[in-house]
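A short write-up of the structure that comes next.
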Amino acid sequence: MQVMATPLPEVVIVVPSRIGDERGFFSEVWNAREFASIGIDAIFAQDNHVLSPLKGTLRGLHYQIPPVAQGKLLRVSRGAIFDVAVDIRRGSPTFGRHATAILSSENWYTVWVPPGFAHGYCTLEEDTEVQYKVTDFYSPEHERGIWWNDPALMIQWPVTIEAAIVSERDQKLSRLFEQRELFEFTPCSCNPPCRTVAVCRRMAPMNVAV
């Protein structure tokens, strides 16, 4: 298993090993012990599988607030996506900044997006399938979002605003500066650093800034 850093220290890319022969390949895409060794000691509540038939389908930027904030472990089993995570923890040195990565069935990248970060992606190929684990159940009343094309975020999406295929709900989301319910940042003193919670598990409990 290979681990790759991103511009956001808490967001990491993991590349599971693949063992292959003429029959195909075998890959252990989730191993609790191995992931815990790099600071991702998550307990997952739900697995999701998304099919996007059209290239240019854009979903996000989504997050859930406590007490059901979600961490996401996401990978692509077919096709490819441009994946984005945005730090929405007020007081964080990287607040408002983002990390991007290309995830595909070819490169086999898995991305970990912890609570305290908004997440979204755009499909780069037709018939793309995304699979991801989340650390808490989906809760419509706690679901929040940021407009995907917020100029303040300076995300270089691989699709124009005219060509992007976006849901009506996502198109109506507010910009980051208009969000009232974000997370608060607390520095982490753990080794390896916490990557499963929005604030260090040795310090204050996770809360929401309003």
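Report yes if some residue within the stretch 78-87 is surrounded by 13 or more Cβ atoms within 10 Å (Cβ to Cβ), touching a residue at least 40 places away in the same chain (Cβ under 8 Å) and out of contact with any Leu (no Cβ under 9 Å at 6 or more places or on another chain); otherwise report no. No, there is no match, as no residue in the stretch 78-87 is surrounded by 13 or more Cβ atoms within 10 Å (Cβ to Cβ), touching a residue at least 40 places away in the same chain (Cβ under 8 Å) and out of contact with any Leu (no Cβ under 9 Å at 6 or more places or on another chain).
Table: residues versus (1) assigned to a helix (DSSP H, G or I); (2) touching a residue at least 24 places away in the same chain (Cβ under 8 Å); (3) farther than 13 Å from Leu58 by Cα; (4) touching a helix residue (DSSP H, G or I) at 6+ places or on another chain (Cβ under 6 Å).
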| site | (1), (2), (3), (4) |
| --- | --- |
| Val159 | no, yes, no, no |
| Glu162 | no, no, no, no |
| Asp170 | yes, yes, no, no |
| Ser174 | no, yes, yes, no |
| Phe177 | yes, yes, yes, no |
| Arg180 | no, yes, yes, no |
| Phe183 | no, yes, yes, no |
| Pro187 | no, no, yes, no |
| Asn191 | no, no, yes, no |
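Given the structure, is Ile146 within 26 Å of Gly39 (Cβ to Cβ) and in contact with a Leu (Cβ under 8 Å, 6 or more places away or on another chain)? Here the answer is yes, as Ile146 does meet what is asked. Within the set Pro7, Pro53, the sole residue that is within 26 Å of Pro158 (Cα to Cα), at pLDDT 95 or above, out of contact with any strand residue (DSSP E or B) (no Cβ under 7 Å at 6 or more places or on another chain) and not hydroxyl-bearing (Ser, Thr, Tyr) turns out to be Pro53.
The values are calculated or read from the model by the stated rules, or taken from the named source; none is laboratory data. Every value quoted in this text rests on a predicted model; they were computed, and no experiment measured them. Methodologically, a virtual Cβ is constructed for each residue, glycine included, from the backbone with ideal geometry; neighbour enumeration extends over all protein chains shown.
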